[in-house]
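Novice: Have a look at this one before I ask anything.
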Amino acid sequence: MNAPSGPLRIGAARSDADVIQLSLVVPTFNESSNISALLRELAAILDPALGSAYEIIVVDDDSPDRTWECAEALLPQMRNLHVIRRKGERGLSTAIVRGWQVARGDVLAVIDGDLQHPPEVLLALWKKMQQGTDLAVASRHLQGGGVSEWALWRRAVSRGAQVLGLLVLPGAVGRVNDPMSGYLMVRRDVVQGIELSPLGYKILVELLSRCAPREIAEVPYVFRERHSGHSKLTPAVYGNYLRHLLRLRFAGLAPERFLRFATVGLSGVVVDMALLYFLSDPTSLGWGLTRSKLLAAELAMVNNFIWNDAWTYGDLTRGEYGWKARLRRFLKFQSICTAGLLINTILLNLQFNLLGMNRYEANAIAIAAVTGWNYWLNLRLTWRAAR
Ligand code: GDD
Ligand code: MN
């Protein structure tokens, strides 16, 4: 079977779907030593529970070890098995979505192809789905769950990734105990029609963030050791995770807008730095650092406000052009930035006076530190109100 192409969007179930209730995707890359055993275990568990009401869809990324061939060898015995050999596109999360795109069931599921996810947990997940939940997640961080023999550093990395997710996307990632899980079931109508754009490994983070399922259930599981083959977890996977989080964070915020915001921000940095030089540098006016910084940052903020109001958020402020509306926005902006300005000045002073850093380096760090603060609060309070 060929992989679908085009947008990563899952459509409605086809009308012949009544027979299939559960579609389980098994993403694989170089799992030739595991796939046959896994497929047999899956059949042994799902046949008694679902009969012919389920299907298994292996999505193999044209593995060099010819995993797809091993899976296809079982086609004659397993009538509910489909094997996709995907070429030209790679990656765990997109493989899952491609599999779900050809799925016929009302419940879409995924399990790793390396036997690290114990197959019997499928029955517990399935039960939750039958009880009407939107999303059922197998979790290592529940009573009864865990990891088998993970070294401390591995646990720390896993937890670190979770904390990072919580910081960037608290509303979505905070909804489950194990947002890093790749073992789950979701109702089709939760994802249907939404264009997905996952990067790397974490399909669950994508679902939580873009699809906002109403009811979520979790069941415990113990992540087993790999007994064969190798993990595909490379440093690039961590990089992709970070990019994925940021992509979700900025979703809905047109990239163009972000580019404008960054350009304006950069112009503000130039104003701030130049004024700091003219006012405080010993070869120039030689004023005190704090006084100079306050003035430099204030003028940089005014610069940023003018450009952001007219350009970055120009579409949001349209129709609210009057001087009164503009002044109101400026006052909101100013009050948010004043707090930022204080942090900014304190940081600069600490670094310059206590750590003995170069004043411009110290200033760059201080500016970077308050940029996030200014950005988010202003987006929320100053320009969102205009929208
Ligand atoms: N099609 C496809 N394409 N499959 C892939 C790719 C890819 O690029 N990369 C990995 N896979 C498959 C593997 O063959 C395996 O079946 C599964 O995805 C998981 O990959 P591993 O490399 O074994 O990942 P892991 O063991 O470190 O992490 C897994 O467990 C975590 C904990 O629950 C992943 O499934 C995570 O998503 C999961 O959260
Ligand atoms: Mn694995």
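Novice: Given springs between every Cα pair under 10 Å in a Gaussian network model of the chain, which of 27, 282, 198 has the largest fluctuation?
Specialist: Comparing 27, 282, 198 in the GNM, the peak value goes to 282.
Novice: Long-range amide H contacts for residue 194: which residues qualify at under 5 Å (H placed 1.01 Å from N, peptide plane, sequence gap of 5 or more or a different chain)?
Specialist: 10
Novice: Taking springs between alpha-carbon atoms closer than 10 angstrom, which of 70, 337, 211 fluctuates most in the Gaussian network model of the chain?
Specialist: Checking each option, the largest mean-square fluctuation is seen for 337.
Novice: Same structure, new question: If the reach is capped at under 28 angstrom between alpha carbons, list the lysines near residue 127, excluding any in the same chain fewer than eight residues apart.
Specialist: 202
Novice: When 32, 284 are ordered from fewest to most other Cβ atoms inside 10 Å of their Cβ, what list results?
Specialist: Result, fewest neighbours first: 284, 32.
Novice: Assuming a viscosity of 0.692 mPa s and a temperature of 37 °C, what translational diffusion coefficient in µm² per second does Stokes-Einstein assign to the chain, Rh being the Kirkwood radius over Cα pairs?
Specialist: Approximately 137 µm²/s, per Stokes-Einstein.
Novice: Order by neighbour count: 305, 258, fewest other Cβ atoms within 10 Å first, most last.
Specialist: Neighbour counts put them in this order, fewest first: 258, 305.
Novice: Hey, fewest Cβ within 10 Å first, where do 133, 67, 312 land in order?
Specialist: Exposure proxy ranking, most exposed first: 133, 312, 67.
Novice: Moving on. Considering only DSSP states other than H, G, I, E and B, which trypsin sites (Lys or Arg not before Pro) in region 1-104 qualify as loop sites with at most 12 other Cβ atoms within 10 Å?
Specialist: Counting only loop positions with at most 12 other Cβ atoms within 10 Å, the trypsin sites (Lys or Arg not before Pro) in region 1-104 are 14, 79, 87, 90.
Novice: Let me ask something additional. 5 Å is the cut-off here: which amide hydrogens, built 1.01 Å from N in the peptide plane, fall below it relative to residue 57, excluding neighbours closer than 5 in sequence?
Specialist: 24, 25, 26, 82
Novice: Here is a follow-up. Sum up the charges of everything whose Cβ sits under 14 Å from the Cβ of residue 338, counting Lys and Arg as +1 and Asp and Glu as -1, but leave residue 338 out.
Specialist: Local charge sum for residue 338: +1.
Novice: Tell me, Kirkwood radius of region 253-386 from alpha-carbon pair distances, in Å?
Specialist: 15.3
Novice: Moving on. Amide H neighbours of residue 357 under 5 Å, at least 5 residues apart or on other chains, H built in the peptide plane: list them.
Specialist: 352
Novice: All other residues with a Cβ under 13 Å from the Cβ of residue 10 taken together, and with Lys, Arg as +1 and Asp, Glu as -1, what is their net charge?
Specialist: With Lys, Arg at +1 and Asp, Glu at -1, the net is +3.
Novice: Once you wrap a convex hull around the alpha carbon atoms of region 20-249, what is its projected area averaged over all directions, in nm²?
Specialist: That works out to 11.6 nm².
Novice: Mind checking the alpha-carbon convex hull of region 84-165 and giving the volume per residue in Å³?
Specialist: 157
Novice: For a label point 7 angstrom out from the Cα of residue 335 toward its Cβ, which stretches of region 352-385 have the backbone nitrogen within less than 12 Å?
Specialist: Inside the label zone: 381-382.
Novice: What is the ratio of the Cα radius of gyration of region 1-154 to 2.2 N^0.38 Å, where N is its residue count, to two decimals?
Specialist: In units of the 2.2 N^0.38 Å rule of thumb, it is 1.04.
Novice: Would you kindly calculate the translational diffusion coefficient of region 24-67, applying Stokes-Einstein with the Kirkwood radius from alpha carbon pairs, for 10 °C and a viscosity of 1.306 mPa s, and quote it in µm² s⁻¹ without decimals?
Specialist: Result for D is 143 µm²/s.
Novice: Restricting to bridges with both residues inside the chain, how much of the DSSP beta-bridge set is antiparallel, in percent to the nearest 5?
Specialist: Percentage antiparallel, nearest 5: 30.
Read-outs throughout are calculated quantities, based only on the coordinates presented, and are distinct from any laboratory measurement. Quick caveat, the model's predicted, so the values are computed rather than measured. When we count neighbours, we look across all protein chains shown, and the Cβ atoms used for this are built from the backbone with ideal geometry, even at glycine.
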